[in-house]
1. Residues of the stretch 276-318 with backbone nitrogen within less than 14 Å of a virtual label 7 Å along the Cα-to-Cβ line of residue 184, please, listed as ranges.
2. Suppose we keep just the alpha-carbon trace of the stretch 227-345; what are its Rg and Dmax in angstrom?
3. Report the residue, chosen from 109, 287, 90, that carries the largest GNM mean-square fluctuation when the chain is represented by alpha-carbon nodes joined by springs under 10 Å.
4. Dimensions of the chain along principal axes (Cα, Å, largest first)?
5. Percent relative contact order of the chain, based on C-alpha pairs within less than 8 angstrom and at least six residues apart?
6. When only alpha-carbon atoms are used, what values of Rg and Dmax, in angstrom, describe the stretch 80-125?
7. State the three equivalent ellipsoid semi-axes of the stretch 108-147, derived from the C-alpha gyration tensor as the square roots of 5 times its eigenvalues, in descending order and whole Å.
8. Calculate the length of the line joining the C-alpha centroid of the stretch 195-243 to that of the stretch 48-62, in whole Å.
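Readers should treat all values here as calculations from the given coordinates under stated rules, not as data from a laboratory. These numbers come from a predicted model, not from an experiment. Here Cβ is always computed from backbone atoms with ideal geometry, including for glycine, and neighbour counts include all displayed protein chains.
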Ligand code: NAI
Ligand code: MG
C-alpha cells in the first residue's frame, strides 16, 4: 500500500514563492522515488493573506494547517506592511500559527557541510564535522511568565519578568530532546543555570529523573549556560543534542547558527505534542532580493528534508534531499550569498534544476 501524507504549503512573501517552488519540485521527485504520495494544500499566509482578507493568518489557513500531517512554510514579511498595527502585520500571523498549533519545541540543526567550511568566520579545524541540534522550549519560561510589568514606587521605576517552568513543561521538552538524541548519536547536553536559579534546579531534577526512568541509554550531561556559550565557539564538535529553556535557547541557537556562517542554509522545525509540526528556514522573506531569482533555496530544501524525517518518518527520502544539497555544493555551484573562488553562480531556479539533477 502506498502511504500518503497531507502537507499544507505556506509560500508567504518575498522570496517565499521562489524557494517554495524549488522545494515542491524536489519533494515530488523524492516521494515518487520512495513510493509515497504527498497531497499539497496551498494556503495564503502573510502579505498575500492580508491583501485578500485583511488578516495575516486567516481562519481557513489555520484550519488547513491543523488538518495536515505537516506544515511547510517558506517565509513571511514585507516592508509594504510596516505602517500597519503590530497585530495585523505578517509576523503576527507566524506567532498566531505557532500558538494555534501548540508548538512548544523548536529544533534547529547545525551541520557543517564540508564544501562550505570557508563560509564560516571560525577556523576550519574548529567547525569541521560539526553536527548538532538545539532543542529549545518555545512557549514557556521568562518570555511568558507572570507577573510581569513595570511599577513606580518610592521615586523608583522597576520592571520585572518571571522565569517559570512547571514539571509538565520541562518533561515534555526533555522527552523531545532525549528522543532526538536516541535517533542521532545518543548524547544529550541539558543547559541550565542551576547554580543560581531555582527554575533551573527543577529543570535539572526533572531531566535527571526522566533520564533514570526512561532514557538511561542516552548519555546525559549538564552544562551551565555561560559555559555552553563558550564551548559552542571553543569546541562545537563535542555537542550532539543541546536541550534548553526558551531564553537560553534563543541566544544559543543564534550563536550555533553562525557556526555555519550562512543564513541561506539553515532549516528549523517547531513541534507540538500532537498535531502537525511546522518546518521552515530560519531566514526571512529577504525583500532586498525578492523577485530577482537570486535566493538560495537550500535552507528551504533542507527544511523539507526535516519535514520528511521528523514530521513524516520518511528518513530515506530526507537523506536523499540532504545528499543532493551536498553534491551540488561539492560540484561548485553556489547562489550569490555563498560565492567563493572557483565557484559557478546560479540563480534560484537554475539551482533548483541542479538539485533535481543531483537527486
Ligand atoms: P532576512 O532573513 O529576510 O534577510 C537577511 C539578509 O539575508 C538579507 O540580505 C537577505 O537578502 C539575506 N537572505 C536571507 N535569506 C536568503 C536566502 N535564502 N538566499 C540568499 N540570501 C538570503 O531578514 P530581514 O531582512 O531581517 O527580514 C526581512 C523580512 O522577513 C521582515 O519582514 C521580517 O519580519 C521577516 N522575517 C520572517 C521570518 C520568518 O518568516 N520566519 C524570520 C525572520 C524575518
Ligand atoms: Mg533569536
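1. So the set is 306, 310.
2. Reported Rg and Dmax, both Å: 15.8, 47.
3. Looking only at 109, 287, 90, the largest GNM fluctuation is found for 287.
4. Rounded to whole Å, the extents work out to 62, 49, 48 Å.
5. Averaging sequence separation for qualifying contacts and normalising by length gives 22 percent for the chain.
6. For the stretch 80-125, the Cα-based Rg and Dmax read 18.0, 47 Å.
7. After scaling each eigenvalue by five and taking roots: 33, 10, 7 Å.
8. 40 Å
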